[in-house]
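To start, the structure itself, in structure tokens.
None of the figures in this text is laboratory data; all of them are computed from the coordinates on show. All figures in this text were calculated on a predicted structure; none of them were measured in a lab. FYI the Cβ positions are ideal-geometry reconstructions off the backbone, even for glycines, and counts take in every protein chain you see.
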Amino acid sequence: MSQGFTSYLDHFGLTQRPFSLTPDPDFLFWSDAARGAYTMLQYGLATRAPITLITGEIGAGKTIILQYFIDQIADDTALSIAQVNNTRPDTREVLQWLLPDIAEAGLSDEVKFMRVQDFLVQEHAEGRRVVLLIDEAQNLSRVALEELRMLTNINRGKDEVLQLFLVGQPELRDHVRRADLVQFAQRVAANYHIPYLDRPTVSLYIALRLHVAGARKGAFSEQAAGLVHEATGGVPRLINQLSDLALTYAFSRDETMVTRATVQNVLDDGVFFSPMLPNP
């Protein structure tokens, strides 16, 4: 395979790589699970749920759904949106996510909390609701989650001045269910868990991504998609990785379609690296 890495694009009539590992809302595949998760995000926002919880296995597509949701609400002038992608279990950072200016040296935790409270109340007075969206929220410590819960207690009459959207791996749900976080759990008014893709859905997923990338016709056989499902367990991130390699192999052999044999060759050569997979 001495030819250019992305040179299969012309070979298959593509305008861009269909299986990039970088989350891209343009490639969002509306499986039943994706629709369910997105609907729950919308429901949480519309009902002013204090906390909305979205979980899913590693690589299940949580981030791309969250990014699509953010793109849809970004122009809503009634919302003041804060997004956190890299989480660490530091309670002081929780407050700084909402008000970076409080990172001044010497301020006590109590003073920081009061300044954030004043900020939330002021936003409400000006007709805006603060929305804090946290990806990879499974990294948050118990203390950080409790700090967030206390912020959701700040209300003005019947109005919530802050809404939390927490997105993370399944252990996030386990954390929230701990006995010492019962008060936090009681404020989760909307939640959804994203499963992996089943066999028929993997075929549709591959076809959709190829179509968005400009493919003029199907480049994967049904049998090839079936083996991709077997090898990846239906994990979207792994599907992308294996499918990209399969396209490269097919191109290097001047094949116009990825067949089951093509995918098997990728697997036999050991170039597809995957962790231990769950049962699909």
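Would you please give the residues with an amide H less than 5 Å from that of Val258, counting only those at least 5 places away or on a separate chain, with H modeled from the backbone geometry?
So Val258 has HN proximity to Phe220, Ser221.
Run the dipole for the chain about the Cα centre, Lys and Arg Cβ at +1, Asp and Glu Cβ at -1, nothing else charged, and hand back the magnitude in debye, nearest 20.
Values: 25 positive and 34 negative charges, 112 e Å.
Around 540 debye, computed over the chain.
What is the extension gain from Val121 to Leu204, computed as 0.36 nm multiplied by their sequence separation minus the C-alpha to C-alpha distance, in nm to one decimal? Don't skip to the answer; put the middle values down first.
Numbers: separation 83, 0.36 × 83 = 29.88 nm, distance 4.65 nm.
Residue separation times 0.36 nm, minus the Cα-Cα distance, leaves 25.2 nm.
Report the extension gain between Gln96 and Arg35 in nm, rounded to one decimal, defined as 0.36 nm multiplied by the number of residues separating them, less their alpha carbon distance. Spell out each step's value before the answer.
Values: separation 61, 0.36 × 61 = 21.96 nm, distance 3.21 nm.
Full-extension gain reported as 18.7 nm.
For segment 48-141, take N as its residue count and report Rg(C-alpha) divided by 2.2 N^0.38 Å. Intermediate values should be presented prior to the final figure.
Working: Rg = 14.6 Å, N = 94, 2.2 N^0.38 = 12.4 Å.
So the Cα radius of gyration is 1.18 times the expected 2.2 N^0.38 Å.
Counting other Cβ atoms within 10 Å, keep those with at most 15, restrict to DSSP loop, and tell me which trypsin sites (Lys or Arg not before Pro) in segment 105-160 are left. Provide the component values of the computation, followed by the final result.
Values: sites: Lys112, Arg115, Arg128, Arg129, Arg142, Arg149, Arg156, Lys158; in loops: Arg128, Lys158.
Answer by residue number: Lys158.
Points 7 angstrom from Cα along the Cβ direction at Gln72 and Ala189: gap in nanometres?
The two pseudo-label positions are separated by 1.8 nm.
Can you say what percent of the DSSP beta bridges in the chain, counting only those with both residues inside, are antiparallel? Round to 5. If you can, show how the numbers build up before the last one.
Working: 2 of 25 bridges.
DSSP beta bridges in the chain are roughly 10 percent antiparallel.
Exactly which chymotrypsin sites (Phe, Trp or Tyr not before Pro) in segment 179-226 are in a DSSP loop and have at most 16 other Cβ atoms within 10 Å?
Details: sites: Phe184, Tyr192, Tyr196, Tyr205, Phe220; in loops: Tyr196.
Those that pass, being in a loop and sparsely packed, number zero.
Roughly how big is segment 197-269's charge dipole about its Cα centre, with Cβ charges of +1 (Lys, Arg) and -1 (Asp, Glu), in debye to the nearest 20?
Values: 7 positive and 8 negative charges, 57 e Å.
Using Cβ point charges on Lys, Arg, Asp and Glu, segment 197-269 gives about 280 debye.
With 22 Å as the cut-off, how large is the P(r) tail for the chain, expressed as percent of Cα-Cα pairs?
On the way: 23977 of 39060 pairs.
Here the tail beyond 22 Å accounts for 61 percent of pairs.
Pairs of Cα atoms under 8 Å, at least six residues apart: use those to get the relative contact order of segment 126-249, whole percent.
Numbers: 102 pairs, mean separation 25.9, N = 124.
About 21 percent, as a whole number.
If you plug each phi of segment 260-270 into the Karplus form 6.51 cos²θ - 1.76 cosθ + 1.60 with θ = phi - 60°, what whole-Hz ³J(HN,Hα) values come out, in order, with x for Gly and Pro?
4, 5, 4, 4, 5, 4, 4, 5, 5, 6, x
Can you work out the base-10 log of I(q)/I(0) for segment 197-269 at q = 0.12 1/Å, using the Debye formula on its C-alpha atoms alone?
-0.26
Compute the orientation-averaged projected area for segment 32-194 from the convex hull of its Cα atoms and round it to one decimal in nm².
9.1 nm²
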